[in-house]
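What follows is a set of notes on a single structure, which appears directly below.
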Amino acid sequence: MEHRRKIEESERDRQVKLARFQEQEKILHNILPAQIADRMIDGEKTIADRHENVSVFFSDIVGFTKLSQRVSAEELVGMLNGIFTQFDQLARKHGLEKIKTIGDAYMAVCGAPIRVDNHAERTALFALDVVELMNNYQTNAGDKVMIRIGLHSGSVVAGIIGENKFAYDMWGDAVNTASRMESHGEAGKIHVSEEFKHAVETLHATSLQFIRRGVMDIKGKGMMKTYFLEKI
């Protein structure tokens, strides 16, 4: 009887440890790309990768500071959660990886951590869906919410930062330029670089068109040809 009791206790301990591990694994897959989470579970300590061909998406809510002053904290968090949850769904639909949100800004990438040949086209279609979503969005008070979107294609370095509350993040010129495209853009429009335009056109995506905005002085980048992306 004593031997049997010890076996049963050992089995219960094993089941508890297994359940804890599965819960930790579930959480890890929820906060990191699946491929990155699997590498960490397999014991990889340092994750740092270079991706030569990706497209980066940045968006920002226009007039968010003023909007946040007119609503309660609960309404503000609920609004952002509702908007970004729908962004997440659209990102999964088009094969983009959400990187992070910073306040009212949303960043996503296509082509990392898994290489995708049509990363620019996927990102363009995602951005167009986001614009359509926001064109039909209203707050509980009936206010319209407009966003600016910036897109750029190039190379990035991606990896895991930190040991506690770690995050998958990325850096490089493609990230900085996409952010500049957003900040120099216009409400309700998708502002893109010439590099992004070329990346789309190499795939002969006939459902997309680019309206030339002209040469602009982009902060930190100098003079650049930029365009507005629209659906035909």
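The values are calculated or read from the model by the stated rules, or taken from the named source; none is laboratory data. All values reported here derive from a predicted model rather than from experimental measurement. Cβ: placed from backbone, ideal geometry, glycine included. Neighbour counts: every protein chain shown. Accessible surface is based on the protein model in full, side chains and every heavy atom, while ligands, DNA and RNA are left aside. Shrake-Rupley method; radii C 1.70, N 1.55, O 1.52, S 1.80 Å.
A few points about this structure:
- Any hit, segment 118-132, residues being in a loop (DSSP other than H, G, I, E, B), out of contact with any helix residue (DSSP H, G or I) (no Cβ under 6 Å at 6 or more places or on another chain), under 25 Å from I232 (Cα atoms) and touching a residue at least 40 places away in the same chain (Cβ under 8 Å): yes
- Candidates are the residues of segment 166-191 that are touching a His at 6+ places or on another chain (Cβ under 6 Å) and either closer than 30 Å to K45 by Cβ or among the β-branched types (V, I, T) (or both); the one that is surrounded by the fewest Cβ atoms within 10 Å (Cβ to Cβ) is T177.
- Here E163 fits the description: in a loop (DSSP other than H, G, I, E, B) and surrounded by fewer than 17 Cβ atoms within 10 Å (Cβ to Cβ).
- Residue that is farthest from H51 (Cα to Cα) [pool: residues in segment 88-104 that are assigned to a loop (DSSP other than H, G, I, E, B) and open to solvent by 30 Å² or more (accessible area, probe 1.4 Å)]: G103
- Looking only at residues of segment 35-74 that are in a strand (DSSP E or B) and of a type in the set (F, W, Y), we find that the one that is nearest to M146 (Cα to Cα) is F58.
- For segment 1-17, filtering for residues that are open to solvent by 100 Å² or more (accessible area, probe 1.4 Å) and either in contact with a His (Cβ under 7 Å, 6 or more places away or on another chain) or at pLDDT below 70 (or both) leaves 2.
- Checked against the criterion of being of a type outside the set (D, E, K, R) and without any contact (Cβ under 8 Å) to a residue 12 or more places away in the chain, the candidates M223, M216 yield just one match: M223.
- Pair list, Cβ < 8 Å and 6+ apart or interchain, from segment 35-55 residues that are farther than 28 Å from E121 by Cα to residues that are part of a strand (DSSP E or B): M40/I160; T46/G159; T46/I160
Listed here are the residues, each with its yes/no results for (1) more than 26 Å from A112 (Cβ to Cβ); (2) polar (S, T, N, Q).
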position	(1), (2)
T139	yes, yes
G142	yes, no
A158	no, no
W171	no, no
I190	no, no
K197	no, no
E201	no, no
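- Look at (1) under 25 Å from K231 (Cα atoms); (2) at pLDDT below 95; (3) acidic (D, E) and you find that D169 fails only one, number (1).
- Every test in (1) over 17 Å from the mean Cα position of the chain (by Cα); (2) modelled with pLDDT of 95 or more; (3) assigned to a strand (DSSP E or B) is passed by V215 save one, and that test is (2).
- Looking at F58, F84, F126, F64, just one residue is more than 16 Å from V175 (Cα to Cα), buried (at least 19 other Cβ atoms within 10 Å of the Cβ) and among the aromatic types (F, W, Y), and that residue is F126.
- With respect to (1) within 13 Å of V54 (Cβ to Cβ); (2) open to solvent by 10 Å² or more (accessible area, probe 1.4 Å), the lone exception for V109 is condition (2).
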